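The values are calculated or read from the model by the stated rules, or taken from the named source; none is laboratory data. Note that the coordinates shown come from a computational prediction; the quantities given were computed from them, not determined experimentally. Protein only, heavy atoms only, side chains kept; ligands, DNA and RNA dropped before computing areas. Shrake-Rupley method; radii C 1.70, N 1.55, O 1.52, S 1.80 Å.
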Amino acid sequence: MRPLPFGVCAAIACLGSTLAMAALPGSPVAAADGATLAVHRSCSIAATDPPILAVTRAGALVTINPTTLRVESTLTRSALRGGGVAVEPSVDLAFVTAPGRDGRPAIWSVPLAACRSAPTVVARDAELPSVSPDGGYLGYVTLNGRGQQTGVAVEPISTSGKRAGPAQHFRAATVPPRLPIKAIAVAPKDAALAVSGGFVDTYLGPRPTVGTLTPASASSLASLVPVFDAEGISIPPPANGKPQSLPRDWQSSPVYLPNGEFLVGDGSQNVSMPFTDNSPGEQGGGIRTIVRDAGPISALAAGSGGSLAWVSTNGTLHFESDAVNLPFGPAAETPPAPGGTIRQVAGRYESVAWTGGPETAASTAPPPTFRMVSSLPNVVGLLEPAAAQVMKQLGLPVFVASTQPDANVPADTVLSQNPGAGTAIACQCAIALTVSGPPASPTGELTGRP
């Protein structure tokens, strides 16, 4: 059967088409080279409605409508089921692990929105791709000729998915690593690299967790530093070399948000946001729970509007809209607003990727700073507007947590505050106020202002 012309391909489903792949980024080769990938696509993915991408347990790369949560198209049935998937913020390209022309795992870029471009090999002997939220960097796990993990590489890429500069390699201490690398995540502008597994920390012990490093200063995976555990803080060992306490929970499935915040699945079966206390002279941090009872997570992806999609270790794919809703940052003491209902997508999956596009990355506010307030003032007795102005000078938002009838003080007078006044208060937090309201009428109904 003669291949359909590109004009026809763009108008109808390109089902079953086999496209020649390139052996080097941006360098086409003849189909006789043997590198082919069966691509099945509808050629009608709308850039204005970025789809969720997922690899099924059968190895199919599919697109899922984030509104209906239905599979809309199958891009390829040749993906390696444990090889991961990533996507450019422009939603022009997916990166997936599939066999290369030599039969070994390779990272391929697969066009999403049109049939006129063929898939391309962007990295041989590689798996588990990750694209930074700004679309400028591609990270992946490197392999040797025997399929053993050797470390991680990060390289700049263009919007077309082609290599835009040399790759930076971070070698593992051993080949294969003492713990297998399960996933990686590249931060915006290559500011940080997170690796799930791949190293054994002297404090955390030989159990998989997530470590981070700074590519600008690191030279190998030996630079990985564990993120804070779900107990709230990883306490450094004291002088005698023995840990003060051992955490019970461990991380998996790292993902960076466009504003630089960091999410992981944790051993308590939640989606959490670790944070670090960057205050001068302070060492420590904590963790905020974003989604409770998400289950053990093997893959996590973030979309626009604070929505999240994740794959559980049993293969189920879940979705929650407005999950990341932290108006005052990860260390805020104000509970996050309730997210949407957790919904499940039909089928069984291995990996998931998603993005809201470049507009989301550009419009997302920068992450807040966790800092020390040298002295938190006492605002009890002030009217609520005056109390808010005092805290505003410290960069701390204020909200009214509750109102209590009190006939002895004017309405809107602050009766209590949380956190209370004091020195060395560690918070980038919202100050919860309890204020006075109008007195109750004899019937029990409130009187005065509505």
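A compact table of results
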item	result
Extension reserve of the residue 148-residue 223 stretch, reckoned as 0.36 nm per residue once the Cα distance is removed	24.9 nm
Residue 162 - accessible surface, heavy atoms, 1.4 Å probe, Å² rounded to 10	100 Å²
Of all accessible heavy-atom area on segment 110-230, the percent that carbon and sulfur account for (1.4 Å)	52 percent
Residue-normalised accessible area of segment 87-164, expressed per residue, 1.4 Å probe, Å²	32 Å²
